[in-house]
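A short write-up of the structure that comes next.
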Amino acid sequence: MTAYLNALGLVCALGQGQAQVAARLFAGDCSAMQPAPGWIPERQPPVGAVSGALPAVPLPEQHSRNNQLLYAAALQIEPAIRQAIAEYGAHRIAVILGTSTSGIAEASEGIAEYLQHGQFPNGYRYAQQELSAPANFLADWLQLSGPAYVISTACTSSGRALLSAKRLLAMGLCDAVLCGGVDSLCGLTLNGFGALEAISDQRCNPFSVNRDGINIGEAAALFLMTRKANTGGASIALLGAGASSDAHHISAPDPTGAGALQCMGKALDNAGLAPAQIDYLNLHGTATAHNDAMESLAVHTLFGATLPCSSSKPMTGHTLGAAGALEAAFCWLSLSEHNPLGLLPPHVWDSQPDPALPALALVDGSQRLGVQRPRRLMSNSFAFGGNNVSLILGDTP
């Protein structure tokens, strides 16, 4: 079954909305990645923060920055959402999101005040930090009564949300799905990755011999997925999705890349495609020593050294639970009217390859996706616990 991605709202360090994000994405704009004091004691690592005002959540009891990011993305596609509700009915629309932070930032602030003063601040609600909070918020705001839930598998969360949305449509359990992911910056995740010695104090440098860790970012990306293509022109579809769980280690990836190879192979099988039919790959590309080594081995094994590929994380930071959907959104933008020249997201780094890694065709500006259809793009996401997801987006007639 082809699942059509008929609308996209997104917010990240590159900006708010399709046009702004696309312009900065294809330009390789890393200007938003700035040192940020106050997150990790005695350090100022760059973070991919969303700048500018965010809309107030219309349900004050469900306020959190996480829900503000999600609401900002949803407002961009609200007309398409309302049209789907009118066409299918509120009971036939599902909400499936990925997150790893939910409202934990507000919860942490509330608990800190309780420990200091013996009472929670006004506005503190335990439900803010529940992982289901983003899906509950969208369903409550839109008064939807279809399935609504959140997947939290660390950095594959929203990739799995898109995979699950496609499955719900294929099973006939709904007619449209609001799917994607959202994560907001918070001290818990930054200090957690800092404790793992995985945070870089410089802009991250994927696949370089000088790479020394990740940057963290925040984002929301929300798709409207249906079985029906947009009327009046070409559409963009989720052609295939695959997942695996190799359970190699609680945080380190399997160095053989077996799980990554398995999920990429499943996505290709699900789409009915061969490796040679993929035109571009958005790499997970975190800039940690072990992840980049594993991913380069897996990608080289499957695709060789000629497939154009890049990591977009130097422009946005690693947005954790939102990364799978955000980077699928970058593939969507690559296929959209916002990319009339057929550009590819560039790989921004110091151009110093690691001789220990298998060679990859990292996008340097000379490669082009082009405009000749059909075009097929893959996006990889890998997470703690050996959790792996690959998505394939492409043109449809």
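General remarks:
- Straight-distance candidates among the lysines for linking to LYS228, with alpha-carbon spacing under 26 Å and chain neighbours fewer than 8 residues away dropped: LYS166, LYS266.
- Spin-label pair LEU59-ALA252: with each label point 7 Å from Cα along the Cα-Cβ axis, the two points sit 4.3 nm from one another.
- Here r is the Cβ-Cβ distance between MET1 and HIS91 and R0 is 30 Å; the resulting FRET efficiency, rounded to 0.05, is 0.90.
- Length-normalised contact order for the chain - Cα pairs under 8 Å, 6+ apart - percent: 24 percent
- Each residue of region 40-51 was assigned a 3J(HN,Hα) from its phi angle through the Karplus curve 6.51 cos²θ - 1.76 cosθ + 1.60 (θ = phi - 60°); the sequence is 10, x, 6, 9, 9, x, x, 9, x, 7, 7, 9 Hz, with glycine and proline shown as x.
- Accessible surface calculations at 1.4 Å, restricted to protein heavy atoms, place region 1-99 at 39 Å² per residue.
- Solvent-accessible surface ranking, highest first, for ASP364, ASP395 at 1.4 angstrom: ASP364, ASP395
- Region 118-245 - percent of accessible surface contributed by carbon and sulfur, probe 1.4 Å: 48 percent
- By the helix-only formula, in which each DSSP H run with n ≥ 4 contributes -39500 (n - 2.57) and the sum is divided by residues, the chain has a 222 nm mean residue ellipticity of -9500 deg cm²/dmol.
- Relative contact order (percent, whole number), region 88-238, Cα cutoff 8 Å, 6+ residue spacing: 29 percent
- Measuring with a 1.4 angstrom probe and ignoring ligands and nucleic acids, LEU144 comes out at about 20 Å² accessible.
- Antiparallel DSSP beta bridges within the chain, as percent of all bridges there, nearest 5: 65 percent
- Estimated FRET transfer efficiency when R0 is 22 angstrom, pair GLN352-GLU197 (beta carbons, to 0.05): 0.55
- The Cβ shell under 13 Å around CYS179 holds other residues with a net charge of +3, Lys and Arg each +1, Asp and Glu each -1.
- Around the amide H of GLY217, modelled in the peptide plane, lie the amide H atoms of GLY48, HIS318, THR319, LEU320, all under 5 Å away and 5 or more residues distant in sequence or on another chain.
- Solvent exposure of region 266-397, expressed per residue, is 33 Å² of accessible area, with all protein chains present and a 1.4 angstrom probe.
- Positive dipole terminus of the chain, leading residue within GLY159, ASN6, LEU360 (C-beta point charges): ASN6
- For SER351, solvent-accessible area (1.4 Å; no DNA, RNA or ligand), Å²: 70 Å²
- Taken over the C-alpha atoms, region 18-136 has Rg and Dmax values of 17.7, 54 angstrom.
- Using the Cβ-Cβ distance between ASP364 and HIS117 with R0 = 51 Å, the FRET efficiency computed as 1/(1 + (r/R0)^6) comes to roughly 0.40.
- Listed candidates (i) 63, 48, 47; (ii) 59, 54, 37; (iii) 88, 46, 45 - label of the one calculated as Cα extents along the principal axes in Å: (ii)
- Per residue value of the accessible surface for region 162-263 (all protein chains in place, 1.4 Å probe), Å²: 36 Å²
The values are calculated or read from the model by the stated rules, or taken from the named source; none is laboratory data. These figures come from a predicted structure and were not determined experimentally. We place every Cβ from the backbone using ideal geometry, glycine too, and count neighbours over all the protein chains shown. To get the accessible areas, we keep the full protein, side chains included, count just its heavy atoms, and leave off ligands, DNA and RNA. Shrake-Rupley method; radii C 1.70, N 1.55, O 1.52, S 1.80 Å.
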